[in-house]
Amino acid sequence: MTETRGIDRRSFLVSVAAAGGALTLGFGVHPSQAEAGAPELTAWIVIARDDTVTIRVARSEMGQGTLTALPMLVAEELACDWSKVRTEFPRPDENLRRNRVWGDFSTGGSRSIRNSQEPLRKAGATAREMLIAAAAAQWNVPASECSAFNSVITHGPSGRTLRYGEVAEAAAKVTPPKDVRLKDASAWRLIGKPTGRIEVPDKVVGKPIYGIDVRLPGMLYAAIAQCPVFKGTLKSVDESKLSGRRGVHNVVRLKDAVAVVADRWWQAKTALDALAIEWDAGEGGEVSSASIREFLLGGLAATTAGVGRAQGKLAEGFARSARRVEADYAVPFLAHATLEPQNCTAHVTGDRAEIWVPTQNGEAAMASAAHALGIPTQNVIVHKTMLGGGFGRRGVTQDFIPPAVLIAREVGAPVKVLWSREEDTGHDYYRPVAMARMAAGLDASGMPAAWHVRMTGNSIWSTLMPVAARGGVDRQFQEGFLADMPYDIPNYLADYAIRNTHVPVGFWRCVNHTQNCFFKESFVDEMAHAAGIDPLTYRRRLIGTHRNANKFLGVLNAAAERAGWGTPLPPGTFRGIALNEAYSTFVAAVAEITLAADGTVRMPRIVVALDPGTVVIRSPPRCRPRARSCSASPRRSMARSPSRTAGSSSRTSTTTACCGSPRCRRSRPC
Amino acid sequence: MISLTINGKAHNVDVEPDTPLLWAIRENVGLTGTKYGCGVAQCGSCTVHVDGVAMRSCVTPVSSVAGKKITTIEGLAENGVLTKVQQAWIANEVPQCGYCQSGMIMAVAALLKDKPKPTDADINDAITNICRCGTFQQVRAAIHAAANA
């Protein structure tokens, strides 16, 4: 287990040093709390004699707050003292060994809260009942006469009390109840209360250990250069210039990369820069931005495309319409640019490997290392560290792991492989390049009688998991234009001509919504403009019978009201509005932009209205408007839950913000 | 060997003189709170104080700071008492992933020394650090909170 709270660097180093030392003797010397003797009450909860409650967190922490929110779900039902809660990441190999008792480690798709609500709250409630049963047995009274609060069990009639730590050992032997009743949301004492995120104090003193910070005894450092053309390969390396260079140990040749291993990373990096490397660019060598553009334009014009949503009769709709509106949109590949560059520290001995890595999916990391080395999955120990940003870069794609374990195997010592910023940016699994061609036919009243949304671009699913894009349909690429499209269009077709380039693509915050919302809402504005109707009024009219019409209207009206929609603006300042649903969160934004004489666009203000369902982590009052990151804060995933648990009324909150960066010159709603 | 004074402690580091200070701090001295983000003085994750001035250690040759007083995020709090900036950072719950925040806090601490009550324009000019999570609004709020504490 890797403890994540209440650990300072010294003790972290001691524990990894112990692990490193153990490597020469064998693996698995990472005693978890449970193995250290404290009793486990359900797989998620360990309670020590001193009342310390250790709650296991299967998902990764990358700033979105899982390390607080998930334990909160457990603690709410456990009725324990929140100040005594510690957290730890269970190891993926332990999960495998224990028949995946902690479920899915994958942290992405804004799923951590949504998918964890029931299992985690039930785990807390189950443990609470076991503790009560143990106390009741000790007192020889019916459990129904006992209650639990703040880590203390009280026998009502006699007033006797026992602390959790006093009965934990006995409670661990109690047969867990099959059915437990969960608290009503109105009784929540932790969920949605401003408790503060537990890892924040460490983050203001430089304490958290990210992957890049891992240090092991005898560890070497590697810098890596990958083929500058995707799918290209390494031809040759002339390492003669490295002779006599201080600190340099190895030059490792991989199929499509070269790494230099040295005592220190800067030595490795400068030595790598000095190498003469020849690459075989392969089939991608002739591809350029211009050729990709041509390829995608072909997709816009293609006669066949996978249909994501169709209703009515498009041709008839167009035939009946009074005027036609058309527009094309295009967005480029985008690198995730996690501020912590990709890295992985690995130690490979024989058919076993141990890695330390900032990953959004510890199990995928384990599988990736095993596959690259050709060893059994259970022979890989993965230590998850804090992540300096994730945004989807470190989830499905674990491409930083194979090079690290292969380099480590060749070197025979623990090696930290760290990508430079340039190498990281140049070898991402990018947000896909995409284009949209819009055509709408407006009726006499100016409303759309027909709308054709043709999209094209790189499909993530057909690249990463072709089975998910069977039949040439990738619904994720079209998200925002399917059942989640808020507007009533009598004759509508959303289709997608898949055009895959050789450039690797991957998941990204909110995935395809990031471009699709821009395409969709920009074009709604084009239609409103053509019809001569105010864009807010136009949207209100278009939201008709959608099953979530109330939520769409709720956020739309809230944003418009708080932004003062319709009130006069200074000369050179303009206002725009947009509406979207993504992953069960409804959002509307009113952006104010200024256009300078030199064409510079600035966005001094954006008002965002958000309906995320139940809010689990509530920020301190003075900074409550957390949904603000115009760059789509990962926090959104914490502020969401399935509607079935949102027994409390879902709230619409508004906030005023732009990303605030003095460099922010965004020219469109972000 | 180059002699560095970091957080009041002397360290002799055995590195090439043109090695950026960042790597000497992280790998030779072992203080990993100072981060590598870009390597070209753009993101500010590597910000430390050299004789009280905020500097981007990823482009500062270690030879240029020998004998000078270097402070990293680990040495900002004195005797375990968090500075006003750090306290404001907690109260306003500024960090998300937290990776950029060491450098952000160091830059802000230097700003407040120069300008105890900075305006928004002062903040825009001085705090050019990049946060990929988008915490800029919280950063601004926390700067004002620290200035008024």
What's the local net charge at A:SER420, with K and R +1, D and E -1, over the other residues with C-beta under 12 Å away?
-2
Residue mean of other protein chain beta carbons inside 10 Å, A:190-197
1
Sort out for me the Cα centre separation of region A:136-180 from region B:105-149, rounded to whole Å.
50 Å
Amide H neighbours of A:VAL57 under 5 Å, counting only residues 5+ apart in sequence or on other chains, H built in-plane at 1.01 Å?
A:GLU88, A:PHE89
Pull up all non-local amide H partners of A:PHE586: gap of 5 or more, or a different chain, and H-to-H distance under 5 Å with H placed in the peptide plane.
A:ASP611
Estimated [θ] at 222 nm from DSSP helical runs (n ≥ 4, -39500 (n - 2.57)) normalised by residues in chain A, nearest 500:
-8000 deg cm²/dmol
Heavy-atom accessible area per residue of the protein assembly as shown, all protein chains kept, 1.4 Å probe, expressed in Å², is 38 Å²
What percent does the relative contact order of chain A come to when contacts are Cα pairs within less than 8 Å and at least six residues apart?
14 percent
Provide the solvent-accessible area of A:ILE617, counting protein heavy atoms only and rolling a 1.4 Å probe, rounded to the nearest 10 Å².
10 Å²
Across the residues of B:84-93, average count of Cβ atoms on other protein chains within 10 Å?
4
Charge sum, other residues only, whose C-beta stays under 14 Å from A:ASN491's C-beta, Lys/Arg counted +1 and Asp/Glu -1:
0
A:LYS235 versus B:ALA41, label points 7 Å from Cα toward the beta carbon: distance in nm?
3.7 nm
Residues in region B:34-57 occluded by at least 30 Å² - accessible area, probe radius 1.4 Å, against chain by itself:
B:LYS35, B:TYR36, B:GLY37
Rounded to whole Hz and in sequence order, give me ³J(HN,Hα) for region A:236-253 from the Karplus expression 6.51 cos²θ - 1.76 cosθ + 1.60, θ = phi - 60°, writing x for Gly and Pro.
7, 9, 9, 9, 4, 5, 8, 5, x, 6, 5, x, 7, 9, 9, 10, 9, 9
Principal-axis tilt of helix B:136-147 within chain B, Cα atoms, nearest 10 degrees
90 degrees
The correct ranking of A:CYS510, A:CYS227 by accessible area at 1.4 Å, largest first, is A:CYS510, A:CYS227
Chain A shape via C-alpha gyration tensor axes, a/c threshold 1.5
oblate
Explain nothing, just the number: dipole magnitude of chain A about its Cα centre with +1 on each Lys and Arg Cβ and -1 on each Asp and Glu Cβ, in debye rounded to the nearest 20.
1440 debye
Between B and A, accessible area buried - total, square angstrom, nearest 100, 1.4 angstrom probe
4500 Å²
Per residue of region A:115-128, in order, report the coupling 6.51 cos²θ - 1.76 cosθ + 1.60 (Karplus, θ = phi - 60°) as ³J(HN,Hα) in whole Hz, putting x for Gly and Pro.
8, 9, 3, 5, x, 6, 5, 5, 4, x, 5, 4, 5, 4
Arrange the residues A:MET465, B:MET1 by how much accessible surface each exposes, largest first, with a 1.4 angstrom probe.
B:MET1, A:MET465
Per the 1.4 Å probe, what fraction of the accessible area of region A:536-611, in percent, lies on carbon and sulfur atoms?
55 percent
In debye, nearest 20: dipole of region B:2-75 around its Cα centre with unit charges on the Cβ of K, R (+) and D, E (-)?
220 debye
Spatial separation of Cα centroids for region A:257-282 and region A:79-95, in angstrom:
40 Å
With contacts defined as alpha carbon pairs under 8 Å and 6 or more residues apart, what's the relative contact order of region B:2-75 in percent?
40 percent
Quick one: check the C-alpha center-to-center distance for region A:204-241 versus region B:1-80, whole angstrom.
21 Å
Could you give each residue of region A:479-491 its phi-based ³J(HN,Hα) in whole Hz, using Karplus coefficients 6.51, -1.76, 1.60 with θ = phi - 60°, and x for Gly or Pro?
4, x, 10, 9, 5, 8, 7, x, 9, 8, 10, x, 10
Nonlocal amide H pairs with A:ARG605, under 5 Å, H built at 1.01 Å:
A:GLU592
GNM top mover of B:GLN42, B:GLN137, B:GLN87 - chain B, alpha-carbon springs below 10 Å
B:GLN137
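The values are calculated or read from the model by the stated rules, or taken from the named source; none is laboratory data. If you're wondering where the values come from, they're calculated on a predicted model, not measured in any experiment. Ideal geometry is used to build each Cβ from the backbone, glycine not excepted, and the neighbour counts take in all protein chains shown. The accessibility values were calculated without ligands, DNA or RNA, using every heavy atom of the protein model including side chains. Shrake-Rupley method; radii C 1.70, N 1.55, O 1.52, S 1.80 Å.
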